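Since the structure comes first, as structure tokens, the remarks are kept for the end.
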Amino acid sequence: MSAVSPHPSGASHPRPQTDPIPAVGEAVAADDPLRARIAAAVRRVREQTPLAQSFTNFVTMNLVANAQLAAGGTAAMSFIPDDVLATAAMAGANYVNVGTLMPFHREALADIAAGFARQGRPWVLDPVAAGIGRTRTAILTAMREVPPTIVRGNASEILALDAMWGLSGGEAPAANGPAGVESMDEVDAAEAAARRIARHLSAHLPQKVAGRVFDDGTGPSPARGAVAVSGPIDLVTDGETTYRLPGGSAMMTKITGAGCSLGGVTATYLAVADPLVAALAASLLYDRAAETAEAASHGPGSFQVAFLDALWDTTADQVAASPILRAG
Ligand SMILES: Nc1ncnc2c1ncn2[C@@H]1O[C@H](COP(=O)(O)OP(=O)(O)O)[C@@H](O)[C@H]1O
Ligand SMILES: Cc1ncsc1CCOP(=O)(O)O
Ligand SMILES: [Mg+2]
């Protein structure tokens, strides 16, 4: 379907097409326990208003905070290591996004990642524009030994991080490389890299993170990290199983911060759920909210407003009832 949105001036601006794309895998059954865990995470965020702290870029920081609040959480943005680590002691989870870099970020983020590992704090990394620039490469490379709990990025960023961390055992996965903050690679091209990164995160989970038990009694399962690869069909994996999440709206590519704020909301869910459920719940909430927002808007400005409202309005049952495909 490619709706052409009539512009008030009478001009028309073709909207990006959200094509129904066949995805691989078998449909997760309506009564699968995973769906109940996803619904419980969405409800817990709305009931508990968890704090997820963000060290994030200056371009989309406001949308990150507003999306976290619309999903039911609270926000705090910090940059100085002692401030970040003091706040981490009271936050349910944390978020680091390397979109815009300043000279002090290299030392600060090394201290922060080491502090999260030492304190056993869960955190999400969005490796924005991974592969671009010596400073960003040094920052992301240094995280290899003190990695996050979840990585959320587009396909090019995931491929670049896998290569940067040397996880492919020398096999250089074919990658087109990022075009700034946008992806030039297909989501499925990043599946093997995402699974390798998820297994690396699992092997480095601090005991305090791995041992978390949640209100619904879930955990500590064999705790695993998770990787979310965003795009036309999102892909989420814990390194053992891969889930594909069709749907959403291509209008998300016309607002800046869709991916950054998805990382922030993933951290909000990580405060109350295990990494896999947190990554699934956030990605599914975004897809359902984007569909609602596309139907209620006529351009990127009204889309972003409608999207925030839809993050607020989409119910736990709607998120849990989403199309989810599971592959080995
Ligand atoms: N072509 C598309 N169709 C539907 N949803 C999309 C499309 N591209 C991106 N999205 C959605 O937009 C959000 C941000 O993803 P993406 O644009 O890949 O991140 P980034 O902005 O970090 O590159 C995700 O929720 C993703 O599902
Ligand atoms: C445009 C831009 N430049 C540096 S960070 C940023 C925002 C990227 O946001 P997203 O990855 O969500 O599109
Ligand atoms: Mg991004």
Only one of Val265, Val236, Val227 that is away from ligand 3 (no atom under 15 Å from the Cβ), open to solvent by less than 10 Å² (accessible area, probe 1.4 Å) and closer than 22 Å to Thr60 by Cβ
Val236
Ala194 - would you say it is assigned to a helix (DSSP H, G or I), out of contact with any Pro (no Cβ under 9 Å at 6 or more places or on another chain) and more than 16 Å from ligand 2 (Cβ to nearest atom)?
yes
Being more than 15 Å from ligand 2 (Cβ to nearest atom) and in contact with a Phe, Trp or Tyr (Cβ under 8 Å, 6 or more places away or on another chain) is the filter here; which residues of the stretch 222-251 pass it?
Leu235, Val236, Thr237
Lone qualifier among Phe307, Phe303, Phe214 - being within 18 Å of the chain's Cα centre (by Cα) and among the hydrophobic types (A, V, I, L, M, F, W, C):
Phe307
Where in the stretch 252-328 are the helices (runs of 4 or more DSSP H), entirely inside, with at least 2 residues that are at pLDDT 95 or above and within 16 Å of ligand 2 (Cβ to nearest atom)?
258-270, 275-295, 300-313
Which fully enclosed helices (runs of 4 or more DSSP H) of the stretch 33-142 have 1 or more residues being within 16 Å of ligand 2 (Cβ to nearest atom) and either of a type in the set (A, V, I, L, M) or open to solvent by 10 Å² or more (accessible area, probe 1.4 Å) (or both)?
61-71, 105-119, 134-142
Filter the stretch 305-328 down to the residues that are of a type outside the set (Val, Ile, Thr) and without any contact (Cβ under 8 Å) to a residue 60 or more places away in the chain and list them by number.
Ala306, Phe307, Ala310, Asp313, Gln318
Between a residue in the stretch 277-304 that is open to solvent by 10 Å² or more (accessible area, probe 1.4 Å) and within 11 Å of ligand 1 (Cβ to nearest atom) and any residue that is modelled with pLDDT of 95 or more and assigned to a helix (DSSP H, G or I), which pairs come within a Cβ distance under 7 Å, given they are 6 or more apart or on different chains?
Arg288/Gln318; Arg288/Val319; Glu294/Met251; Glu294/Phe303
Can you tell me which residue in the stretch 13-32 is least open to solvent (accessible area, probe 1.4 Å), limited to those that are in a loop (DSSP other than H, G, I, E, B), more than 30 Å from His298 (Cβ to Cβ) and touching a strand residue (DSSP E or B) at 6+ places or on another chain (Cβ under 7 Å)?
Val28
Within the stretch 170-182, does at least one residue satisfy the condition of being assigned to a helix (DSSP H, G or I) and either within 30 Å of Pro300 (Cβ to Cβ) or in contact with a Pro (Cβ under 6 Å, 6 or more places away or on another chain) (or both)?
no
May I ask you to verify whether Ala160 is of a type in the set (Gly, Ala, Ser) and crowded, with 16+ Cβ neighbours inside 10 Å?
yes
Residue tally, condition crowded, with 24+ Cβ neighbours inside 10 Å and either over 30 Å from Ala88 (Cα atoms) or away from ligand 3 (no atom under 16 Å from the Cβ) (or both), over the stretch 253-262:
0
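The values are calculated or read from the model by the stated rules, or taken from the named source; none is laboratory data. On a predicted model such as this, the values are computed, not experimentally measured, just so you know. Ideal geometry is used to build each Cβ from the backbone, glycine not excepted, and the neighbour counts take in all protein chains shown. Note: accessible area is taken over every heavy atom of the protein model, side chains too, but ligands, DNA and RNA are not part of it. Shrake-Rupley method; radii C 1.70, N 1.55, O 1.52, S 1.80 Å.
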